Amino acid sequence: MSTTTVTSSVQEQEAQHVLQVYRRTPVVFERGAGVHLFTGDGRKYLDFISGVASLGHAHPGLAEAIAAQAHTLIHTSNLFFHPLQAEVATALAARTGLDRAFFCNSGAEAVETCLKFARRYWHTQGATQRTKYVAFTHSFHGRTMGALSVTWDEHYRGPFQPLIPQVVFADPTDIAGFDALVDDHTAAIIVEPLQGEGGVRPIPAAAAAAIEARTGALLIADEVQSGSGRTGSFLYSHTLGLTPDLVALGKALGAGVPVGVAMFSNAVAAVAQPGDHGSTYGGNLLACRAALVFLAALDSPALAASMAASSARLFEGLREMQSRLPVIRDVRGAGLFVGVDLTFDATPVVAAAFERGLLINRTSSTVVRLLPPYIVTPEDVDAALPVLEAAIVAANVDRGKA
């Protein structure tokens, strides 16, 4: 059966039976290797957007560990102990500076956990008026009801109102405005230290300083996309000088296996009681085994050096490209978390890159977002850059013809 026939068959079946909430590109990937994905007829794509596949596709060590775990034990109820949760929690405590972990299945669930226990903390203190959340413009924290409530974009929020009340949004460039919003009714400030869906926007240093100088309110750092080493440090919060009370992790941490974790300071963790929260699949052995493989890989000096070299080459190449292409308004981000802000909508750039064998995506209308696997090399970057430039040029030319 031809690739075209397979793609058509899959699309037709999905159109009938899968909830239509994704704008899928018309391609069916059947296997992967390293930084590449392949269709059934062998067409190869350079993957610069699979942020969760942090160790690349078909990573041998991860595959072996998952297979071995599946042959031993995949899941037990959280009513019992197993040997891996404590191991992952200990490793994460050392890397985040926070003491305790709650395991779940996704970043959105981790955010929900943080929001929930921020209120639990103040309830336990008797400060029952502290129920407000301060979030930021351009924020994105997930699509579940609590996470959606602290997500700024009305496009995501509007159809699902009313959401959780007492959420206000601060402009990170308006320090006085932010300060005015944090009061004795605020349970927590929630921040993406490096905003992802909002356009790959680092929180300004002045805003970070204002957040850190807060009085009373807890700080939740949503590091689902910016954390787990993607920016060079394990938490981008630490790069900004932030000391959060709660941290949400996910995406890269499982290297493709669903993993979410909410990290707690001891002060916040002390209020938790049995039955306050739970997750059927959270922290199962398969997910924990994947996280341990990822964390071990992240400790490799060779991987750290390669990531730094690839990041440097990517930013260097993009800024050279910016000097040639006036339609590139800005290049920003950190590590292997990069945004290329254009003067026009990036949708046709994504399509043009796909036609040329490069996978990227668009966020915040005009931003091309790049999230390559951690194993990407400078040579892979050198292969991707001219394709991206050709895609931007082609999209801009087509725009001029329209």
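The values are calculated or read from the model by the stated rules, or taken from the named source; none is laboratory data. Because the structure is predicted, anything quoted here is derived from the model rather than measured. Here the Cβ positions follow ideal geometry from the backbone for every residue, glycine too, while neighbour counts run over all protein chains shown.
Some observations on this one:
- One residue stands out among those in the range 380-401 that are farther than 13 Å from PHE48 by Cβ and either among the hydrophobic types (A, V, I, L, M, F, W, C) or in contact with an Asp or Glu (Cβ under 7 Å, 6 or more places away or on another chain) (or both): the one that is surrounded by the fewest Cβ atoms within 10 Å (Cβ to Cβ), which is VAL397.
- LEU242 falls short of the stated requirement of being under 22 Å from SER310 (Cα atoms) and either among the aliphatic types (A, V, I, L, M) or assigned to a strand (DSSP E or B) (or both).
- Within the range 257-270, the set of residues being over 23 Å from the mean Cα position of the chain (by Cα) and either under 15 Å from ILE220 (Cβ atoms) or among the aromatic types (Phe, Trp, Tyr) (or both) comprises ALA267, VAL268, ALA269.
- Only residues that are in a helix (DSSP H, G or I) and more than 21 Å from the chain's Cα centre (by Cα) were counted across the range 313-336, and they come to 10.
- Residue within the range 269-282 that is assigned to a helix (DSSP H, G or I) and aliphatic (A, V, I, L, M) present: yes
- Options GLY51, GLY42, GLY61; residue that is in a loop (DSSP other than H, G, I, E, B), surrounded by fewer than 20 Cβ atoms within 10 Å (Cβ to Cβ) and not hydroxyl-bearing (Ser, Thr, Tyr): GLY42
- Among the numbered conditions (1) free of Cβ contacts under 8 Å to residues at least 12 places away in the same chain; (2) polar (S, T, N, Q); (3) buried (at least 20 other Cβ atoms within 10 Å of the Cβ), the only one that ASN284 does not meet is (1).
- The listed residue being of a type in the set (A, V, I, L, M) and touching a Lys or Arg at 6+ places or on another chain (Cβ under 7 Å), out of ILE220, ILE211, ILE189, ILE203: ILE189
- Residue in the range 231-247 that is under 25 Å from HIS82 (Cα atoms) and among the hydrophobic types (A, V, I, L, M, F, W, C) present: yes
- Taking the range 73-184 as the region of interest, the strands (runs of 3 or more DSSP E) fully inside it that hold 3 or more residues being touching a residue at least 40 places away in the same chain (Cβ under 8 Å) are 100-104, 132-136.
- Going through (1) buried (at least 20 other Cβ atoms within 10 Å of the Cβ); (2) assigned by TED's automatic domain parsing to the domain that holds ALA351; (3) of a type in the set (Ser, Thr, Tyr) one by one, THR96 falls short only on (2).
- Test: residue in the range 314-330 that is closer than 20 Å to TYR236 by Cα and crowded, with 19+ Cβ neighbours inside 10 Å: yes
- The listed residue being loosely packed, with under 13 Cβ neighbours inside 10 Å and within 25 Å of GLY107 (Cβ to Cβ), out of PHE178, PHE160: PHE160
- Flag for VAL88 being touching a Gly at 6+ places or on another chain (Cβ under 7 Å), at pLDDT 95 or above, buried (at least 19 other Cβ atoms within 10 Å of the Cβ) and β-branched (Val, Ile, Thr): no
- Residues of the range 356-378 satisfying the condition of being in contact (Cβ under 8 Å) with a residue 24 or more places away in the chain, at negative phi and not hydrophobic (A, V, I, L, M, F, W, C): ARG356, ASN361, THR363, THR366, ARG369, PRO372, PRO373, TYR374, THR377, PRO378
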